[in-house]
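Here the structure is laid out as structure tokens; the discussion comes afterwards.
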Amino acid sequence: MDELPDHLVWDILSKLHTTSDRNSVSLSCRRFYSLDNDQRYSLRVGCGLVPATDALLSLSRRFPNLSKVEITYSGWMSKLGKQLDDQGLLVLTTNCPSLTDLTLSYCTFITDVGIRHLSSCPELSSLVLNFAPRITGCGVLSLAVGCKKLRRLHLVRCLNVASVEWLEYFGKLETLEELCIKNCRAIGEGDLIKLRNSWRKLRSLQFEVDANYRYMKVYDQVAVERWPKQLVPCDNLVELSLGNCIIAPGRGIACVFRNCKNLEKLHLDMCIGVSDSDIVALVQKAKHLRSISLRVPSDFTLPLLNNITLRLTDESLSAIAQHCSQLERFKISFSDGEFPSLFSFTLQGIITLMEKCPIRELSLDHVCSFNDTGMEALCSAQNLEILELVHCQEVSDEGLILASQFPSLSVLKLSKCLGVTDEGLRPLVGSQKLELLVVEDCPQVSRRGVHDAASSVSFRQDLSWMY
């Protein structure tokens, strides 16, 4: 090994991807130690960083070419030592000139002062802040002003980010390509319009409102009417994920639906006010959709907006079936099993979708309309590889037996289904049809019943959900 030239050793080290392997090799000799230091581009540290500032200084000097750093204090307690603070972040930015990707999770000691230090990282293109309660909108604004190359920004549970001037600034820059805002209580759906021209560059948007905080408030028609109506140019948007949002016709985030011609992934989770017209308008433009996930509020939910209905019907499914010829993944979930939506998607609507679209993965959660007839219809689903049924109580052994006849099925997941037993899985036992079978919390299915029903089997039975 001593006779190998550096470039060959460098190539060998590049093949080692786990930190433990790299650490072991670097300790074998001084030469490997030195070469590994130069080639180490990523670092993940946490509660063991004690004292934090000194340890980070030592690590950043040892690994001078660090470009990706993740610091997480999940599970931190005061007895574990002081967390990384603003001074520690200054040390990191001063000694890591190549830093492009930074993640800070549960770093509760960092304030706006520390975030301002990131302005000295000219190459920073990605920042994730997960639960940073002392950071405000002023800190995010200083980041927007200083980090001109920032393309990816995630703000998760940053509870004090109240002002939205930073959104307006990013709107002027037109640099953001991926934006994620989750459970930042002071930022609402109407604020996203302030991105203005930045929508042109945006490829991924994830926006989620804190459900507990949202439902403590009363939203009436007057409040919604303050949201602007605006043409939002979002031709480059590939992924759209919205959670606990209010969708008002032609206002706020609803302006996005009619302009996403390149959208591939859509996820709507408990979005109140989504109507068939919204889905129809979206799919008429977004003909490249590959994945749709809908988690729909039940018919019995908390007070809604005046004059706005939340119910989606087969009209949406028909539009999806007609326009989404590339759809591969489809998931429907209803939020409340005790009060299921009886007048939403019908069995025929789901069957029509399966007939028209090349669905590879189908997931149905609390869909009371899906039954043994639906399972029979899936026997002709040539592309279906993954089927997940959760709380589908109308499916019995008579329908489950038919799973062995699905042409391409390789993964079957059953959870909390009361109507299926070991008998329904019997045709799969020893058939070598399935690569993976997952059975969770189905009271009439035993461990013996799933044995040898797939190449890999996962079984769990916790029946506390029934009581």
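Descriptive notes on the structure:
- Between Glu355 and Val50, the modelled label-to-label distance comes to 6.6 nm, taking each label 7 Å out from Cα in the direction of the beta carbon.
- Label-point separation, Ser277 to Arg185 (7 Å along Cα→Cβ), nm: 3.4 nm
- Using θ = phi - 60° in the Karplus curve 6.51 cos²θ - 1.76 cosθ + 1.60, the 3J(HN,Hα) couplings for the stretch 371-383 round to 9, 5, 5, x, 5, 5, 5, 5, 4, 9, 7, 5, 9 Hz; x is entered for Gly and Pro.
- The gain in end-to-end length when the Glu70 to Ser458 segment is fully stretched comes to 136.5 nm, 0.36 nm per residue minus the alpha carbon separation.
- Here the 3J(HN,Hα) profile of the stretch 190-201, calculated from phi with Karplus coefficients 6.51, -1.76 and 1.60 at θ = phi - 60°, is x, 5, 5, 5, 5, 5, 6, 5, 5, 4, 4, 8 Hz, Gly and Pro shown as x.
- Calculated from backbone phi, Karplus (6.51, -1.76, 1.60) coupling profile of the stretch 422-438 in Hz, x at Gly/Pro: 4, 4, x, 8, 4, x, 7, 5, x, 7, 6, 7, 8, 7, 9, 10, 10
- Annotation: amide H of Glu208 within the under-5 Å range of Ile181, Lys182, Asn183, Gly243, sequence separation 5 or more or interchain, hydrogens built in the peptide plane.
- Dipole of the chain, positive direction: furthest Cα of Ser446, Ser325, Leu434, with charges on the beta-carbon: Ser325
- When +1 charges are put on Lys and Arg Cβ atoms and -1 charges on Asp and Glu Cβ atoms, the dipole computed for the stretch 328-426 relative to its Cα centre reaches about 320 debye.
- Shape call, the chain: gyration tensor on alpha carbons, a/c limit 1.5: oblate
- Net charge of Cβ neighbours under 14 Å - reference Asn23; Lys, Arg +1; Asp, Glu -1: +2
- R0 of 45 Å, Cβ-Cβ distance Cys29-Gln87: FRET efficiency to nearest 0.05: 0.80
- Extension gain, Tyr467-Met77: 0.36 nm per intervening residue step, less the Cα-Cα distance, totals 136.9 nm.
- Solvent accessible area, Å² - Lys331, 1.4 Å probe, full protein context: 60 Å²
- Amide H contacts of Glu70 (H built 1.01 Å from N, in plane; Pro and chain starts excluded): Leu43, Arg44, Val45, Thr103 sit under 5 Å, all sequence-distant by 5 or more or on other chains.
- Neighbour net charge for Ser198 - beta-carbon separation under 10 angstrom, K R +1, D E -1: +2
- Accessible carbon and sulfur surface of the chain relative to its total accessible area, %, 1.4 Å: 49 percent
- The GluC sites (Glu not before Pro) of the stretch 408-467 meeting both criteria, a DSSP state outside H, G, I, E and B (loop) and at most 14 other C-beta atoms within 10 angstrom of the site's C-beta, are Glu435.
- The charge dipole of the chain, taken about its Cα centre with unit charges on the Cβ atoms of Lys, Arg (+1), Asp and Glu (-1) only, comes to about 1640 debye.
- Rel. contact order, % - alpha carbon contacts under 8 angstrom, at least six apart, the chain: 6 percent
- Site pair Arg426 and Leu173 shows an inter-label distance of 6.4 nm when each label is modelled 7 Å from Cα along Cα→Cβ.
- Net charge, Leu362 excluded, C-beta distance under 9 Å - Lys, Arg +1, Asp, Glu -1: +1
- Over the residues of the chain, the helix contribution to mean residue ellipticity at 222 nm works out to -7500 deg cm²/dmol, using -39500 (n - 2.57) for each DSSP H run of at least 4.
The values are calculated or read from the model by the stated rules, or taken from the named source; none is laboratory data. Remember, predicted model here, so these are calculated numbers, not experimental data. Methodologically, a virtual Cβ is constructed for each residue, glycine included, from the backbone with ideal geometry; neighbour enumeration extends over all protein chains shown. The area values use the complete protein model at the heavy-atom level, side chains included, leaving out ligands, DNA and RNA. Shrake-Rupley method; radii C 1.70, N 1.55, O 1.52, S 1.80 Å.
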